[in-house]
Amino acid sequence: MTAARTWLRALAVTATIASNVLAQVVSGLTGNYGPRPEGLGWAIVFVAVAVVYVVCAVVAWRVVRSPVPGWLMVGAALFWSAGAWYPLARGIGWLWPVLMGVTDLWAIFVGAVVLCYPTGRFSRFDRVVLLVGTGAIAVRFISTLLFTSPAPAACGCVQNAYAVLPSDDADFWFGVAWRAVGLALMLTIAVRLAVRWFTSSLPARRVSFVMPLAIVLWCYGTVQDSLSFTLGWDGGWLQFIPPFAIALIPPAFIGGVFYARGLRSRVADLVIVARDKVDRALWETSLARTLHDSSVRVYWWDEQGRAFLTSDGERVPDGESERPGRSTLAIDSDQGPIALIEHDIALSQDDRLLDAVSSALLLSVDNDRLRGRLERTIQELRQSRLRIVEEGYLARRRLERDLHDGSQQQLVSLAISLRIATAKAETAGNAEVAGDLERASAQLADALRELRELARGIHPTVLTDGDLTSALEELGQRSHLPVEVRVETEDRFANVIEETIYYCVSECLANAAKHAGARNCAVLVTRRDDTVSVVVKDDGKGGARFEPGGGLEGIRDRVEAVNGRAELRSVEGLGTILELTIPVPRAEAVAAEAEPA
């Protein structure tokens, strides 16, 4: 179907161009112009008018949803050539009256092009105008066939084969009447569009009327042609104005359509305006600026109140969205109403523009909903991770307490008992038993030391008994490298945050000693407003990076679990700097959290 339509359009365009060009070429070769102006310049003008219509028709078929404007332009261009073919056919009695009768038919097509601008559809008034014009041209056609019978010597033509009632007077007055009706129709169209222009709002002026110059010039051309026919007046160079005005109409049509399409493309900017959040006041202002309609109002649906609200959050009064000259565009989604857009009724002529506005708002609202849902999900995930970290902290704290108060105390008691038994064996002179007991005491001391290291790995007791400063200083003392520790805050933070800092610093110091080949390390802890910053530097070989399963990746996971971030700067041969930034509420800096009993 598409291929057939394409071929039909191509055939119509080819036939139209060929008809106009061939008519002008034959007229030039034969010198047979009839009542038309003669000369190469006029021939070029007439062909140029037809070409303009055909080119605009091809463009209209591509950019206008309805195919009607394109076919109307092709029809106008095709019958435009009838005026050139009529003198060439004066030797054929059955043909030249027909061509003479349809000479002005192009004007009906041009008028239809003007009336269907810009949507390609006709209103009831437009249909009435076209019906009257078609009736007038039909009457003129019949009168030409029945009454036109000029003398062969005067017109250089043969006898009219259809002239059953030949009458020069009837033919003349029917011609006058036809031109009067055509002028009246032209003035009616011009006045109607002018009234709509002056009484409508800005968008109606921009979208519904883009061809004022063409209409005015065409009206002038019609008046000039009527005067020339009735009074025999020679307009001189002014005769070029009518074809110029006629040629100006289809480009004005296409220009208006492209202007409307430009509005639709600008609607896409509304999505950019609302890319972060649907700011209702900003969206309404941006929409009014895009549509060139300062009276645009957007009413937003309030799910709780089950009513529409203005951008200021006020309830819309009854009847507010039904004002004269206004139209309302409802924006709905599968989840229910979203908004009502009240706009100038002139914009309703461009349904694609309104579809673009609806799509832009839907996209913005959907993006806002998805963004809100994603933010809530991320927040829930962060809270969930934090709860898991806190639960892990409490579990390790309980395990460390159980080891400290249970197994570790029993082992300490056992060590005391072994020392007492060793003393008794030595007193009794049993050196062999005393030696066995001393070796058992040494093994018990090693086990107790390993148990304490295990408990410290589960939870650093120094954080419970001391503070973050003493815990980090102990890490520096236990490190195999010289470590400078500076804690420039006396605030206490949440236990889970202090534990995170402790283990991250511990991992950094271990990496510096084992992998970086560093000679010195430095740890700096500072407090800035609602964040605590921890910077660990070493002078090792550098080149460190976050790798899946690596120690630095584990540090980043620990920090991100408490909503913090880790930044790594490590250059080959220049050492490594790891900066941890962790958010802390101000209330946490007042005092350390009380330990559970």
Once the mean of 1/r over all distinct C-alpha pairs in segment 69-120 is inverted, the Kirkwood radius in Å reads 11.6
With 0.36 nm assigned to each residue of separation and the Cα-Cα distance removed, residue 416 to residue 240 gains 50.9 nm
By the mean-Cβ-within-10 Å protection proxy, highest first, 467-479, 368-380 rank as 467-479, 368-380
For segment 13-116 the translational diffusion coefficient, Stokes-Einstein from a Kirkwood Rh over Cα pairs at 20 °C and viscosity 1.002 mPa s, in µm²/s, is roughly 152
Distance in nm between residue 125 and residue 66 label points, each 7 Å along Cα→Cβ, equals 1.6
Once 343, 515 are ranked on solvent-accessible area with the largest value leading and a 1.4 Å probe, the list reads 515, 343
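The values are calculated or read from the model by the stated rules, or taken from the named source; none is laboratory data. Small disclaimer: the values here were computed from a predicted structure and weren't measured. Glycine gets a Cβ as well: all are built from the backbone with ideal geometry, and neighbour counts include every protein chain shown. Accessible surface is based on the protein model in full, side chains and every heavy atom, while ligands, DNA and RNA are left aside. Shrake-Rupley method; radii C 1.70, N 1.55, O 1.52, S 1.80 Å.
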